[in-house]
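The values are calculated or read from the model by the stated rules, or taken from the named source; none is laboratory data. The model shown is predicted, which means the values in this text are computed figures rather than measured ones. Here the Cβ positions follow ideal geometry from the backbone for every residue, glycine too, while neighbour counts run over all protein chains shown.
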Amino acid sequence: MTNPYGIALQPAPEFRFDEWLANVDTDDGLRLADIEEPFVYLYNFQSWCPGCHSHGFPTMKAVKDHLEAAGRGHLVRFVAVQTVFEGHDTNTADAAIDSMARHELSDIVLGHDTGPPPTVMVDYQTGGTPWTVIIGPGPDRIVLDNGFHLEAEDIIERIEQHLPDPASAAADSTPSARNEQTMNTPAPNPTTDELRERLTPEQYEVTQNGSTERAFTGQYHDTKDPGVYHCVVCNESLFDSDQKFDSGTGWPSFSQEISDGRVNRIDDRSHGMVRTEARCTNCDAHLGHVFPDGPRPTGDRYCMNSASLSLEPANE
Ligand SMILES: [Zn+2]
């Protein structure tokens, strides 16, 4: 299904299309970090490309219709881009808009990558049109699929494969599995209903289902107030504000834990890469990830979700 051209299983390059033609609000165009949906369906076409009209557009429409019918339309952001590497006279902005209308896709984001060479072709190493790139969830936005003539059913399967599974997430987070090795503070055993009641929907999604808040949107990404950051679920202290640093990533970042063992590190092989997930040792809440590119002397970067944390301000 994939091919020797496209990059895959690595972070998605930022969009740098030169023109945005439809359904983009900002003057700067759409950036990956602006996208709230966990998945991005990036479709490359040229208006003069017959395979785009016979296969690429209908495939995108079929995936979109299927997801909407299944109540999953909110999971995928569709981005179509006219990727012009030939036919520069006919693959115009107007032609791109007409093509989208013809396939009843006028409501999705449309970009125009005029080249030569088109940036998406260079950055994603695409091999022509129609070309489809499926980008996954998380701060790193891993490229899950990247290929010519992907089929709708394979794309849907790929997306469903990477959806968080509420049943297994709940099973993983039963506190009993970890209680023996934990510490002074007794682990609480709140029920799902209690947590849903007490936490905001975002706090619940992040801590219980391992999702990631959007960069630069969390309560603490920019906070410099002194104090202690606690686990939002069980109130265990996790980080001191002295250990917080400005990583530029848009998520609160710390160079070390307030005390060794407060954060449990787990191998995370989701989205086709090996990362280190950070969980609260006490209650098993998902916090974020730990990366080995932090400041000295620890060299650790605890990349946390604000939604997992609660700051207790220091006394004046
Ligand atoms: Zn906790």
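One residue is enough: does region 226-239 have a residue meeting the conditions more than 16 Å from the ligand (Cβ to nearest atom) and either closer than 23 Å to residue 162 by Cα or assigned to a loop (DSSP other than H, G, I, E, B) (or both)? Yes, the conditions are met somewhere in region 226-239. Can you tell me which residue among 276, 249 is in a strand (DSSP E or B), closer than 30 Å to residue 145 by Cα, of a type in the set (S, T, N, Q) and out of contact with any Leu (no Cβ under 9 Å at 6 or more places or on another chain)? Matching residue, one of 276, 249: 276. Across region 8-36, the number of residues qualifying as modelled with pLDDT under 85 and in contact with a helix residue (DSSP H, G or I) (Cβ under 6 Å, 6 or more places away or on another chain) comes to 1. Counting residues in region 232-240 that are surrounded by fewer than 20 Cβ atoms within 10 Å (Cβ to Cβ) and either under 21 Å from the mean Cα position of the chain (by Cα) or in the same structural domain as residue 139 (by TED's automatic domain parsing) (or both) gives zero.
Please tell me if residue 262 is under 18 Å from the mean Cα position of the chain (by Cα) and touching a residue at least 12 places away in the same chain (Cβ under 8 Å). Here the answer is no, as residue 262 does not meet what is asked. Scanning region 241-259 for residues that are out of contact with any Lys or Arg (no Cβ under 7 Å at 6 or more places or on another chain) and within 16 Å of the ligand (Cβ to nearest atom) gives 257, 258, 259. Taking the criterion of being hydrophobic (A, V, I, L, M, F, W, C) and more than 16 Å from the ligand (Cβ to nearest atom), the residues of region 260-289 that qualify are 273, 274.
The set of residues from region 194-212 being among the aliphatic types (A, V, I, L, M) and outside any helix (DSSP H, G or I) comprises just one member, 199.
Exactly one residue out of 83, 174, 129, 92 is more than 17 Å from residue 38 (Cα to Cα), of a type in the set (Ser, Thr, Tyr), at pLDDT 90 or above and out of contact with any helix residue (DSSP H, G or I) (no Cβ under 7 Å at 6 or more places or on another chain), and it is 92. Residue count for region 241-279 satisfying the condition of being aliphatic (A, V, I, L, M) and surrounded by fewer than 17 Cβ atoms within 10 Å (Cβ to Cβ): 3. Condition first: basic (Lys, Arg) and away from the ligand (no atom under 16 Å from the Cβ). Can you find one or more residues in region 292-309 that meet it? Looking for residues that are basic (Lys, Arg) and away from the ligand (no atom under 16 Å from the Cβ), one finds at least one in region 292-309, hence yes.
When region 270-313 is examined, which residues are found to be small (Gly, Ala, Ser) and closer than 15 Å to residue 235 by Cα? Those that are small (Gly, Ala, Ser) and closer than 15 Å to residue 235 by Cα: 285, 306, 307, 308, 310. For residue 140, the test of being at pLDDT below 80, over 30 Å from residue 314 (Cβ atoms) and more than 16 Å from the ligand (Cβ to nearest atom) is passed.
Does residue 310 satisfy the criteria of being surrounded by 15 or more Cβ atoms within 10 Å (Cβ to Cβ), among the hydroxyl-bearing types (Ser, Thr, Tyr) and part of a loop (DSSP other than H, G, I, E, B)? When the stated conditions are applied, residue 310 does not pass them. When you look at residue 215, is it surrounded by fewer than 19 Cβ atoms within 10 Å (Cβ to Cβ) and either away from the ligand (no atom under 14 Å from the Cβ) or not in a loop (DSSP other than H, G, I, E, B) (or both), yes or no? Spelling it out, residue 215 is indeed surrounded by fewer than 19 Cβ atoms within 10 Å (Cβ to Cβ) and either away from the ligand (no atom under 14 Å from the Cβ) or not in a loop (DSSP other than H, G, I, E, B) (or both). Among the numbered conditions (1) at pLDDT below 95; (2) farther than 19 Å from residue 296 by Cα, the only one that residue 227 does not meet is (1).
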